[in-house]
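J.: The structure under discussion is supplied below as structure tokens; questions concerning it will follow.
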Amino acid sequence: MSVMMSILENSAMTTPNEIRQDRFTRMRDEAIEGAVRHKTFTRCLDRLARFHQSSLSESKCRCAFVTGETGAGKSTLIEYYASQHPRVSGRNVDCAPVVCVRAPGRSTVKGLGSAILIKLGSPSPASWSDFEITNHVIKLIRAMDVQLLIIDEVQDLLEWKRNSSLFPTLVANFVQSIIDTTATGVVLVGLPNIETIADQERQLAGRTGAYIRMTGLRPTSPTERADFKLLMEALGMRSHLPFFAPLDSPLIALRIQIASAGYIGEARRLVRFAVNCAEDEGSALVRLEDFSAALRDMTPGDSVRVDPFKMSDVDLMAWIEIDPKKAIKDAGPKWIE
């Protein structure tokens, strides 16, 4: 009886939004597994691994940039790489070969240092200065034998101080202080504009060993179209609602690839919105109309965007064959150039 009561209590405590979020977390996990299988993703993964290995022996080139538009798969890449190098508990102190931390939004270098210390398990007092925080970061990195420090969403630091021409210098100095005083490589992850840090700081540019630029999977490339189908297969397997046709079927996957411009995050978001639309309509399966509604929800007020989910199969193929680049520009996210 007590077991049954416990089950009922846990069920009552779980809200519909929490259930929905859990479902989409599982879909994200499956998408990561699917991404690992495709060639474009594994090429970036291999480059990151090569940089990691070279930074262990090469003292000069211990900085790398991973850049790409929103949804390109940057976070998926670094999350997966970090998961392959888990923290190991030691007798006196943990060993953390790869540490991945997100740059706090609307923050400073001091805020970034504090976020790194929290990730390493040693929060800093609010009264500490930039110098004290940086020194403690260096001390912990050495003690925990950190080989690779990955800093995600670096553009949030630059955008917060976009009116200050000195801020890229401050970020570069922070990175260089870690590189110069430890044997740790640093990977800066974010939108393409973060490369301005190296552009403005020649010394850091000279210490940079890799620029890994992630782009969308192009529907014009047979290899990348096949890679995208693998991702759709993975997403479809984790959905709690069935689709009117398998997501990895050629014409369905192609529609999603065009609408997302082949960006992993954008495609995952589109599928998530479509499932939400089907649920809201009380439908037993996700239809083309739900994808069309999802596209409208993702870009409210955008009357110019072409909807590939309203096209017939014949019109879709003719549209792609005539001018595939224009098709992606007309139907894809508006930040795609």
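The values are calculated or read from the model by the stated rules, or taken from the named source; none is laboratory data. Owing to the predicted nature of the structure, the values given are computational and were not obtained by experimental measurement. Note that we place each Cβ from the backbone using ideal geometry, even for glycine, and neighbour counts take in every protein chain shown. These accessible areas exclude ligands, DNA and RNA; they are computed on the full protein's heavy atoms, side chains included. Shrake-Rupley method; radii C 1.70, N 1.55, O 1.52, S 1.80 Å.
J.: Any chance you could count how many residues in the stretch 110-141 are crowded, with 19+ Cβ neighbours inside 10 Å and in a loop (DSSP other than H, G, I, E, B)?
T.: 1
J.: If you don't mind, another one. Check I178, I197, I150 and return the single one that is closer than 19 Å to P97 by Cβ and either modelled with pLDDT under 95 or open to solvent by 40 Å² or more (accessible area, probe 1.4 Å) (or both).
T.: Checking each option against the conditions leaves just I178.
J.: Also, I was wondering about something else. In the stretch 206-223, how many are crowded, with 19+ Cβ neighbours inside 10 Å and either charged (D, E, K, R) or more than 23 Å from the chain's Cα centre (by Cα) (or both)?
T.: Total satisfying the criteria: 2.
J.: Based on what the data block shows, is M232 outside any loop (DSSP other than H, G, I, E, B) and farther than 30 Å from L191 by Cβ?
T.: no
One line per residue, one yes/no per condition, for (1) at pLDDT below 90; (2) under 23 Å from the mean Cα position of the chain (by Cα); (3) open to solvent by less than 10 Å² (accessible area, probe 1.4 Å):
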residue: L204; (1), (2), (3): yes, no, yes
residue: L251; (1), (2), (3): no, no, no
residue: R255; (1), (2), (3): no, yes, yes
residue: I258; (1), (2), (3): yes, yes, yes
residue: E266; (1), (2), (3): yes, yes, no
residue: L270; (1), (2), (3): no, yes, yes
residue: A274; (1), (2), (3): no, yes, yes
residue: D290; (1), (2), (3): no, no, yes
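J.: Every residue in the stretch 263-320 that is touching a residue at least 60 places away in the same chain (Cβ under 8 Å) and either touching a His at 6+ places or on another chain (Cβ under 6 Å) or not in a helix (DSSP H, G or I) (or both), please.
T.: Of everything in the stretch 263-320, just one residue is touching a residue at least 60 places away in the same chain (Cβ under 8 Å) and either touching a His at 6+ places or on another chain (Cβ under 6 Å) or not in a helix (DSSP H, G or I) (or both), namely Y263.
J.: Another question, if that's okay. Which condition breaks for V171 when tested against (1) part of a helix (DSSP H, G or I); (2) at pLDDT below 90; (3) open to solvent by 20 Å² or more (accessible area, probe 1.4 Å)?
T.: With (1) part of a helix (DSSP H, G or I); (2) at pLDDT below 90; (3) open to solvent by 20 Å² or more (accessible area, probe 1.4 Å) applied to V171, the lone miss is (3).
J.: OK, next. Being in contact with a Pro (Cβ under 8 Å, 6 or more places away or on another chain) and open to solvent by less than 10 Å² (accessible area, probe 1.4 Å): is that true of L247 here?
T.: The answer is no for L247.
J.: Follow-up. I'd like to know if the stretch 210-228 contains one or more residues that are in a helix (DSSP H, G or I), modelled with pLDDT of 90 or more and not hydrophobic (A, V, I, L, M, F, W, C).
T.: No; the residues of the stretch 210-228 include none that is in a helix (DSSP H, G or I), modelled with pLDDT of 90 or more and not hydrophobic (A, V, I, L, M, F, W, C).
J.: If you go through the stretch 191-204 one residue at a time, do you hit one that is closer than 15 Å to A64 by Cα, touching a Leu at 6+ places or on another chain (Cβ under 6 Å) and of a type in the set (G, A, S)?
T.: The answer is yes, given that some residue of the stretch 191-204 is closer than 15 Å to A64 by Cα, touching a Leu at 6+ places or on another chain (Cβ under 6 Å) and of a type in the set (G, A, S).
J.: Please go through (1) modelled with pLDDT under 90; (2) under 26 Å from R202 (Cα atoms); (3) among the small types (G, A, S); (4) assigned to a helix (DSSP H, G or I) for S107 and return the number of the only condition it doesn't satisfy.
T.: The one condition S107 does not meet is (4).
J.: Give the residue that is farthest from K329 (Cα to Cα), with candidates limited to residues of the stretch 231-244 that are open to solvent by less than 50 Å² (accessible area, probe 1.4 Å) and under 22 Å from the mean Cα position of the chain (by Cα).
T.: S239
J.: I need the full set of residues from the stretch 84-103 which are open to solvent by 40 Å² or more (accessible area, probe 1.4 Å) and either within 24 Å of T208 (Cα to Cα) or assigned to a strand (DSSP E or B) (or both), in order please.
T.: Correct list: Q84, H85, V88, C95, R102.
J.: For the stretch 48-65, give me each residue that is buried (at least 20 other Cβ atoms within 10 Å of the Cβ) and charged (D, E, K, R).
T.: R62
J.: Just name the residue that is farthest from A284 (Cα to Cα) out of those in the stretch 210-246 that are aromatic (F, W, Y) and in contact with a strand residue (DSSP E or B) (Cβ under 7 Å, 6 or more places away or on another chain).
T.: My answer is Y211.
J.: State which residue pairs qualify: first residue farther than 23 Å from G265 by Cβ and inside the stretch 187-201, second residue small (G, A, S) and surrounded by fewer than 19 Cβ atoms within 10 Å (Cβ to Cβ) in any location, beta carbons under 6 Å apart, and separation of 6 or more residues or different chains.
T.: Once the first residue is farther than 23 Å from G265 by Cβ and sits in the stretch 187-201, its partners that are small (G, A, S) and surrounded by fewer than 19 Cβ atoms within 10 Å (Cβ to Cβ) give A198/A205.
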